[in-house]
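Quick note: the coordinates plus some simple rules give every number you see, no bench work behind them. For clarity, every value in this text was computed on a predicted model and none was experimentally measured. Cβ coordinates were reconstructed from backbone atoms using ideal geometry, including for glycine residues, and neighbour counts include every protein chain displayed.
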Amino acid sequence: MAGQAVIQIRNMHKTFPGVHALKGVDLDLYPGEVHALVGENGAGKSTLIKIISGAYTFTEGTYLINGQDAGIKNTIDAIQKGISVIYQELNLVPSLSIAENIFFGRLPSKLGRVLWSEVYAGAQKYLVMVGLSVKSAMKVQYLSVAQQQLVEIAKSLALDSKVIIMDEPTSALSPKEIKSLFEVIVKLKAKGVCIMYVSHKLEEIFELSDRISVFRDGARVGAMLTGETDQQCLIEMMVGRKLSDMFPEHNRIFGDTVLEVTGLTTDKVTDLNFHVKRGEIVGFSGLMGAGRSEMTRGLFGADKRSAGHVFINGKEVEKDSTGAAHAAGMGLVTENRKTEGLLPNLSVKKNISIASLNQFSKLFHIFPRREDTESNTLVDKLRIKTPSVEQLVTKLSGGNQQKVLLSRWLMKENLKLLIIDEPTRGIDVGAKSEIYTLMDMLAKQGLAILMVSSELPEILGMCDRIYVMKNGKITGEFNREEATETVLLEKAIS
Ligand SMILES: Nc1ncnc2c1ncn2[C@@H]1O[C@H](COP(=O)(O)OP(=O)(O)OP(=O)(O)O)[C@@H](O)[C@H]1O
Ligand SMILES: [Mg+2]
């Protein structure tokens with residue numbers, strides 16, 4: 001590419017105890033380009049971002065900004081040098097106005113008095129730039145995740161950022177919100193801002209980026225112009241091997257009904273009737289906000305049920321009790337794995353075994369060897385990247401934390417029904433196909449599986465039967481043979 005790079009990284013190394021997270025990475029970022037980073041879970045993408053943005057120091061290497069030694073001391077220093085990160089966990093102060101957040105720590109003032117009209121008008125200008133039509137005096141707490149993300153972008157514009165880094169920015173956005181984020185990115189690009197974009201969604205990468213860097217195992221193994229490559233080639237470079245079909249063949253045989261739900265009603269969902277058979281994978285499709293996650297919460301007893309019945313193998317499950325759901329053989333992997341499931345102060349092993357401790361203990365005595373063997377087996381099976389099962393779970397990369405939560409339920413002995421909300425969100429392509437194979441294998445062993453997914457290819461590729469939801473109600477039911485993207489979308493929208 002022509003011109004001077006804004007950021008130059010040379011021979012960058014980063015080590016953590018037991019982990020060589022970056023191994024001699026070179027990278028140039030240019031003004032006005034969208035540069036995508038792709039790679040398997042644990043490949044080192046977030047580590048590199050944290051170094052560039054001053055959150056981590058590096059072990060060895062050079063880091064230049066506009067040809068000069070970056071010398072970044074911390075994240076505030078990085079922001080002052082023109083580098084901003086839009087995190088997935090948002091960093092705004094909810095109780096303050098949008099304008100106060102945009103000018104946080106540097107409100108325009110005169111003689112010690114804040115010039116509020118300038119604050120609001122100034123902020124409004126940046127909101128217009130990111131296409132957000134709300135008043136800048138509004139408090140951040142009333143905004144959706146997508147809107148907050150746009151405020152973060154407005155804030156980095158106000159800081160005159162030259163490089164804006166986005167780490168999986170669309171994972172909590174609806175298709176419409178994603179579209180408007182992309183429009184903003186195109187505008188930023190035209191202004192000469194460099195966008196570094198990390199995502200596991202390859203369609204996004206192909207739509208947005210100019211160049212792609214592929215990371216594997218701490219090294220940058222590939223660099224290409226987006227126009228000169230394709231998905232298959234990219235996937236092979238990411239996983240370092242040929243991937244055959246993404247989805248397993250459909251040759252499952254169903255048994256008796258395991259789950260029967262009649263008239264399930266909570267605050268959020270109305271009169272849901274559905275069932276799942278032994279050996280069957282049933283999907284719930286629909287748009288964001290259709291009530292699918294709320295369905296799983298009502299089913300599992302986490303949300304109060306005002307009407308309806310849930311049966312497992314013909315036996316009614318006591319309502320409003322997750323303990324009863326658990327005892328009846330139900331397992332739930334939630335969508336917000338970070339906030340709802342992970343035990344941050346514990347090891348990988350404890351996080352895996354927590355739901356099945358009774359299997360390893362007798363009169364409060366835990367059998368550590370079985371706990372070790374079984375968690376090690378799962379770590380291998382799901383290819384969880386960790387130096388050992390004793391590692392603190394928070395030290396794993398985002399995608400590997402997800403796999404830990406998934407394995408928690410796979411270890412449970414009396415599991416009859418597994419409910420998975422967005423089974424592969426944030427998970428790389430290689431691991432995705434492994435999770436699909438694993439789900440197929442579990443179904444073949446007699447488990448009933450209910451999955452919620454926003455990805456239509458995943459729904460169509462995996463499910464034997466599909467329910468569509470809209471506004472808290474089931475609006476359609478399709479067999480595998482009848483289902484197409486079009487009919488599912490029709491029922492989700494109309
Ligand atoms: N603070 C830390 N302490 C110890 N190990 C760490 C720490 N942060 C990251 N690692 C390790 O460094 C490696 C790279 O992790 P990183 O988070 O950069 O991966 P990633 O490419 O962002 O993956 P994902 O797609 O899953 O988010 C992993 O093996 C991870 O476990
Ligand atoms: Mg990451």
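Extending 7 Å from the Cα toward the beta-carbon at both residue 251 and residue 104 defines two label points whose distance is 5.5 nm. For the range 211-258, the convex hull spanned by the alpha carbon atoms encloses 141 Å³ per residue.
Computed from the Cβ-Cβ distance with R0 of 51 Å, the FRET efficiency linking residue 273 to residue 191 stands at 0.45. Between the Cα long axis of helix 116-129 and the first principal axis of the chain there is an angle of about 70°, rounded to the nearest 10. Diffusion coefficient (Stokes-Einstein, Kirkwood radius over C-alpha pairs, 25 °C, 0.890 mPa s) for the range 379-494: 156 µm²/s, rounded to a whole number.
Here the sum of -39500 (n - 2.57) over DSSP H runs of 4 or more residues, divided by the residues of the chain, equals -9500 deg cm²/dmol at 222 nm, to the nearest 500. Look at the dipole of the range 194-271 built from charges on Cβ: of 257, 233, 270, the Cα furthest out on the positive end belongs to 233.
Across the range 394-446, how large is the tail of the calculated P(r) beyond 18 Å, expressed as a percent of all Cα pairs? Percent of Cα pairs beyond 18 Å in the range 394-446: 30.
Neighbour counts of other Cβ atoms within 10 Å put 352, 312 in the fewest-to-most order 312, 352.
Along the axis of the charge dipole computed for the chain (Cβ charges of +1 for Lys and Arg, -1 for Asp and Glu, origin at the Cα centre), the listed residues 310, 180, 396 are led at the positive end by 396.
Taken about its Cα centre, the range 86-161 carries a charge dipole of roughly 280 debye when the Cβ of each Lys and Arg holds +1 and the Cβ of each Asp and Glu holds -1. Here the simple spin-label model places points 7 Å from the Cα toward Cβ, and for residue 288 and residue 20 these points are separated by 4.0 nm.
Helix 145-158 and the long axis of the chain differ in direction by around 10°, with both axes built from C-alpha atoms. Mind checking which lysines have their Cα closer than 18 Å to the Cα of residue 403? Skip sequence neighbours fewer than 8 apart in that chain. Reachable lysines: 45, 201, 338, 349, 350, 381, 385, 395, 412, 432. Full extension of the chain between residue 444 and residue 10 gives 151.3 nm of extra length, using 0.36 nm per residue less the Cα-Cα distance.
Net charge dipole, the chain: roughly 1260 debye, given to the nearest 20, about the Cα centre with Cβ charges of +1 for Lys and Arg and -1 for Asp and Glu. With a simple spin-label model that places each label point 7 Å from the Cα along the Cα-to-Cβ direction, the separation between residue 265 and residue 76 comes to 5.5 nm.
Can you pull the percent of Cα pairs in the range 1-130 with separation above 24 Å?
The share of Cα pairs beyond 24 Å in the range 1-130 comes to 44 percent.
The Rg/Rh ratio for the range 1-77 is 0.96, where Rg is the radius of gyration of the alpha carbons and Rh is the Kirkwood radius. Using equal-weight Cα scatterers in the Debye expression, the normalised intensity of the range 101-248 in log10 at q = 0.09, 0.12, 0.18, 0.21 Å⁻¹ is -0.38, -0.62, -1.08, -1.33. Take every pair of alpha-carbon atoms less than 8 Å apart whose residues are at least six positions apart; their mean separation over the length of the chain yields a relative contact order of 16 percent. Computed over the chain, the convex hull of the alpha-carbon atoms projects to a mean area of 25.6 nm². Each principal axis of the Cα cloud of the range 205-316 was taken in turn, and the coordinate range along them, longest first, works out to 56, 34, 24 Å. Relative to the longest principal axis of the Cα atoms of the chain, the long axis of helix 368-381 makes an angle of roughly 70 degrees.
One equal scatterer on each Cα of the range 84-174, no solvent, Debye formula: the resulting log10 I(q)/I(0) at q = 0.13, 0.15, 0.17, 0.21 Å⁻¹ is -0.40, -0.53, -0.67, -1.01. Partners of residue 135 within straight-line reach, counting aspartates and glutamates whose Cα lies under 16 Å from its Cα and excluding those fewer than 8 residues away in the same chain: 100, 118, 152. Per residue, the convex hull spanned by the Cα atoms of the range 257-334 amounts to 86 cubic angstrom.
For a quick protection proxy, order the peptides 66-77, 372-383, 209-220, 141-152 by their average other-Cβ count within 10 Å, most packed first.
Order by mean packing, descending: 209-220, 141-152, 372-383, 66-77.
Taking other C-beta atoms within 10 Å as the exposure proxy, 102, 419 rank 419, 102 from fewest upward. When the chain is described by a simple charge dipole with +1 on each Lys and Arg Cβ and -1 on each Asp and Glu Cβ, the residue from 224, 468, 127 located farthest towards its positive end is 127.
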